[in-house]
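Q: Following this message is one structure expressed as structure tokens.
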Amino acid sequence: MNSPGSSSNDQLIKMLDDVPFFKKFTPYEKKRIAGHSSSFQKYAAGKTIIKDATHDNSFFVLIKGEVTVEKKNVPIVALSAGEFFGEMAFLTNSKRNTDVIAQTACMVIKVNHDLLERLSAEIREKIKDQIIEKLVERLNKTTERLRVRM
């Protein structure tokens, strides 16, 4: 895991512009997020981003690359840029229940309560709204899959 290092705020903002999670954020809000460059982390292919049964109160927004969510080395789902993961432990303050492995070189934003406290209420609300919107979408997909099976 590495921070982006030489990436300037302008480069980070450009990356955020390309990520669906941030589509409703203003240029100013993206600039504020990019200003917390220590929250941006890089992972090489094959590296574990989240380890099952560990405790961490953060979630990750995938900026670049692809990851797989796995349970006991069995892939559950593949995620690409714009997706987020680790939100259940973040929301419930519980242990992780899966591994998340970088399949390609990845960049993520690690969002924890410390970062959220440093962001404005408007940005926190938009982050919350994006989480809710995606969780509802995931629930609807699961419900549809169950309906098809019946």
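Q: For Lys141, list the aspartates and glutamates whose Cα falls under 13 Å from its own Cα; do not include residues on the same chain fewer than 8 positions away.
A: Reachable aspartates and glutamates: Glu133.
Q: Please enumerate, by chain and number, the aspartates and glutamates with C-alpha under 16 Å from the C-alpha of Lys134, excluding those fewer than 8 residues away in the same chain.
A: Partners found: Glu83, Glu87, Glu125, Glu144.
Q: Once a ≥ b ≥ c are taken as the square roots of the eigenvalues of the Cα gyration tensor of the range 33-110, is the result rounded (a/c under 1.5), prolate (a/b larger than b/c) or oblate (a/b not larger than b/c)?
A: Working: a/c = 1.88, a/b = 1.14, b/c = 1.65.
In terms of gyration-tensor shape, oblate.
Q: Let me ask something else about it. Under the rule of at least 5 residues apart or a separate chain, name every residue whose amide H is placed under 5 Å from the amide H of Gly35.
A: none
Q: Which pairs break 32 Å Cα to Cα here: Lys30/Lys72; Lys72/Lys126; Lys24/Lys47? Spell out each step's value before the answer.
A: Details: Lys30/Lys72 36 Å; Lys72/Lys126 34 Å; Lys24/Lys47 30 Å.
Pairs exceeding the cut-off: Lys30/Lys72; Lys72/Lys126.
Q: Taking amide H positions as placed 1.01 Å from N in the peptide plane, with prolines and chain starts having none, which residues 5 or more places from Glu66, or on another chain, fall under 5 Å of its amide H?
A: Amide H to amide H, under 5 Å and 5 or more residues apart or across chains, Glu66 pairs with Gln103, Thr104.
Q: Distance between the C-alpha centers of the range 1-76 and the range 88-115? Whole Å please.
A: 9
No lab work stands behind these numbers, since they all come straight from the coordinates. Note that this is a predicted model, so its numbers are computed, not measured.
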